[in-house]
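Report on the structure given below.
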Amino acid sequence: MDVTYNARAFYGGTSGPNHGSPRGLLDVPGWASLSKGQAVQAVQVSAFPELYDRWEPQASAIVDALSGIAPAPACTDAPAASSGVVSVEGLSQIRQDILRFTKMGLGGAYVWGGTAFKAWDCSGFVQWIYRQAGIELPRVEQWRVGTMTDNPQIGDLVVQNPQGPYNWGHVGIYAGNGMMYSALNPSAGTLMHPIDWNPGTAYFDLIG
């Protein structure tokens with residue numbers, strides 16, 4: 001709870017209070033060439049590294065305002081999760097079923113490796129939804145049984161947080177209008193939220 005200690009520990013280096021264990025930013029080789037999100041993750045080692053990048057624009061604006069580089073921006077509400085209605089008009093029966101089962105899972109807890117109803121991780125949530133609709137998916141890397149599309153429909157897979165060639169770290173269900181459903185993380189649980197909360201989005205059709 002000591003702000004001065006926290007700052008010194010985060011930056012580390014030869015004068016850091018932890019003497020490199022755990023390491024601070026200055027103890028990370030090549031730290032100056034990392035993006036801000038990567039640099040923070042190198043120190044914090046979070047289970048959800050993608051979340052740092054989400055707040056970079058706001059953090060940079062605050063620093064600039066405090067430094068006198070730019071005027072303080074007007075306060076606005078942060079993008080919020082939504083429980084908005086998704087229309088089923090024009091959807092095939094299978095997509096209506098997927099949407100219905102998806103909504104049943106809202107409010108579920110995020111449990112790493114979980115596959116039980118409302119106690120799942122992101123791929124466990126998706127697997128449960130499709131299973132209720134009569135489609136059996138692999139436990140992970142579910143996009144591999146689908147076809148990538150640039151024109152997603154409600155019920156398609158949304159994959160995010162690229163981890164390598166044809167590999168992503170997060171998966172959810174497309175809700176249309178820039179929104180998706182997913183078991184996001186332990187603090188947020190299972191909800192409907194903006195797609196742009198996570199980077200590197202691609203879409204896959206598993207229905208055809």
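Read the figures in this text as sums done on the coordinates, not as results from a lab. None of the values given here were measured: they were computed from a predicted structure. Cβ atoms come from the backbone with ideal geometry, glycine included; neighbour counts cover every protein chain shown.
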Worksheet, complete the sentence: Rounded to a whole number, the Stokes-Einstein D of the chain in µm²/s (Kirkwood radius over Cα pairs; 20 °C; 1.002 mPa s) is 112 µm²/s
Discussion item. Rounding to the nearest 10 and keeping the result within 0 to 90°, find how far the Cα-based axis of helix 122-132 lies from the longest principal axis of the chain.
Written reply: 10 degrees
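Taking the beta-carbon count within 10 Å as an exposure proxy, list VAL40, VAL158 from fewest neighbours to most. Let's see the in-between values first.
Details: VAL40 21, VAL158 25.
Arranged by neighbour count, lowest to highest, VAL40, VAL158 become VAL40, VAL158.
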Practice prompt. Grab the DSSP H runs of the chain that are 4 residues or longer, score each as -39,500 (n - 2.57), total them, divide by all residues and round the 222 nm result to the nearest 500 deg cm²/dmol.
Written response: -8000 deg cm²/dmol
Worksheet, complete the sentence: Measuring from the longest principal axis of the C-alpha atoms of the chain, the long axis of helix 93-104 (C-alpha) lies at a number of degrees, nearest 10, equal to 50 degrees
Item to complete: For the chain, with a Gaussian network of springs between Cα atoms less than 10 Å apart, report the residue from ALA188, ALA119, ALA61 with the top mean-square fluctuation.
Response: ALA61
Worksheet item: Fewest to most neighbouring Cβ within 10 Å: what's the order for ASP2, ASP97?
Response: ASP2, ASP97
Discussion item. Tell me the angle of helix 56-67 to the major Cα principal axis of the chain, expressed in degrees between 0 and 90 and rounded to the nearest ten.
Written reply: 30 degrees
Worksheet item: Of the residues GLN38, GLN93, GLN153, which exhibits the maximal mean-square fluctuation in a Gaussian network model of the chain defined by a 10 Å Cα contact cut-off?
Response: GLN93
Worksheet item: Which order do SER33, SER92 fall in if you start with the one that has the fewest other Cβ atoms within 10 Å?
Response: SER33, SER92
Worksheet entry | Extension reserve of the SER15-GLN38 stretch, reckoned as 0.36 nm per residue once the Cα distance is removed | 6.0 nm
Fill in: Most fluctuating residue given options ALA133, ALA109, ALA59, as computed from a GNM of the chain linking Cα atoms under 10 Å
ALA59
Worksheet item: What residues qualify as long-range amide H neighbours of MET180, i.e. H under 5 Å apart, gap of 5 or more or another chain, H built at 1.01 Å from N?
Response: ALA175, HIS193, ILE195
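Count neighbours as other Cβ atoms within 10 Å of each site's Cβ, and list the chymotrypsin sites (Phe, Trp or Tyr not before Pro) in the range 161-202 that are DSSP loop with at most 14 such neighbours.
Details: sites: TYR166, TRP168, TYR174, TYR181, TRP197; in loops: TYR166.
Answer in residue order: TYR166.
Within the set of other residues whose C-beta is less than 12 Å from the C-beta of GLY172, count the net charge using Lys and Arg as +1 and Asp and Glu as -1.
Details: positive: none; negative: ASP121, ASP156.
Its environment carries a net charge of -2.
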